[in-house]
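All remarks here apply to the structure that follows.
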């Protein structure tokens, strides 16, 4: 992934044009794989009491959440489920467009992060309700789009998805209610870590190579000490100036930053230089990822692993 993001590209004309002729000829996920089967939450009792709902999710950050909420009563297909593809640079294929044609429910991040998905939903699945995380959380256009890192957004989107599933399959109301409760139970280690870090490290400073983790950092009371020039360049998708980089290095060297948040999925020399500067100054580095890393079993395990590292870096006992 690139360290400084261009704006989300639009849906390609070829993809839009091929939706109609391809019609309902088939539903496949990226790279020709079959749609991902929904996961079963063991806390929900019994099998699905109704016909599973076909759900299309734009990105895997929300895909894992939806699978937990839907359990056996949702057939979930995540369009962009590869950690090797930068979501900001993703150009959907005609096959991705066709994926939406069988959707009964669409879940997107919004806030211009996956605008291609919203366009496909409107074109290919006009009757399917759309749960848009940006709309659900009333996040303004141009804001930080990495909403899955906002604990309150995760709760709000989970509630919205559950409500949509119940409306589409009312016979499964009790099942979906149980799944939602089990999801909350599964998040207890995540919630505890958030509370522990806030209690033990609120007011400490952090800087970040990208803004992906900012919502979580804000939630636990950390102060963003990323130099303003660097933040502005990153937000605008441009390269930081030499002065911006020097200011960042100086802040690290002077120990004005308690922890560096480093997105391991970025490319380029700038993040690597900043990591080296942090290590040289003995500033702890906490690795995070924008998308779900390979081998991760759930949203909760992904987040807990990162929060555990953050707690350790900040000297917060688990």
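Multiply the residue separation of residue 279 and residue 297 by 0.36 nm, subtract the distance between their alpha-carbon atoms, and state the gained length in nm to one decimal.
Between residue 279 and residue 297, full extension yields 3.4 nm more.
Where does the chain land at 222 nm, in deg cm²/dmol rounded to the nearest 500, when only DSSP H runs of n ≥ 4 count, each adding -39500 (n - 2.57), divided by all residues?
On the way: 13 runs with 140 residues, N = 318.
That calculation yields -13000 deg cm²/dmol at 222 nm.
Between residue 272 and residue 177, what FRET efficiency follows from the Cβ-Cβ distance if R0 is 45 Å, with the result rounded to 0.05?
Calculated value: 0.45.
Give the distance, in whole Å, between the Cα centre of the stretch 275-318 and the Cα centre of the stretch 147-183.
The two parts, judged by their Cα centres, are 27 Å apart.
Give me the percent relative contact order of the chain, please, defined on Cα pairs under 8 angstrom at least 6 residues apart.
19 percent
Can you give the FRET efficiency for residue 246 and residue 287, using 1/(1 + (r/R0)^6), R0 = 25 Å, r = Cβ-Cβ distance, to the nearest 0.05?
Between residue 246 and residue 287 the formula returns 0.55.
For an R0 of 41 angstrom, estimate the FRET efficiency from the Cβ-Cβ distance between residue 308 and residue 236 and round to the nearest 0.05.
After rounding to 0.05, the efficiency reads 0.80.
Extending each Cα 7 Å along its Cβ direction at residue 50 and residue 195, get the distance between those two points in nm, one decimal.
Modelled inter-label distance: 3.3 nm.
How would 48, 73 line up from fewest to most surrounding beta-carbon atoms within 10 angstrom?
Ascending number of Cβ neighbours within 10 Å: 48, 73.
Calculate the spin-label point distance for residue 138 paired with residue 256, positioning each point 7 Å from the Cα along the beta-carbon direction, and give it in nanometres.
Here the modelled spin labels are 3.5 nm apart.
We did not get these values from a lab; they are worked out from the coordinates using the rules stated. For clarity, every value in this text was computed on a predicted model and none was experimentally measured. Here Cβ is always computed from backbone atoms with ideal geometry, including for glycine, and neighbour counts include all displayed protein chains.
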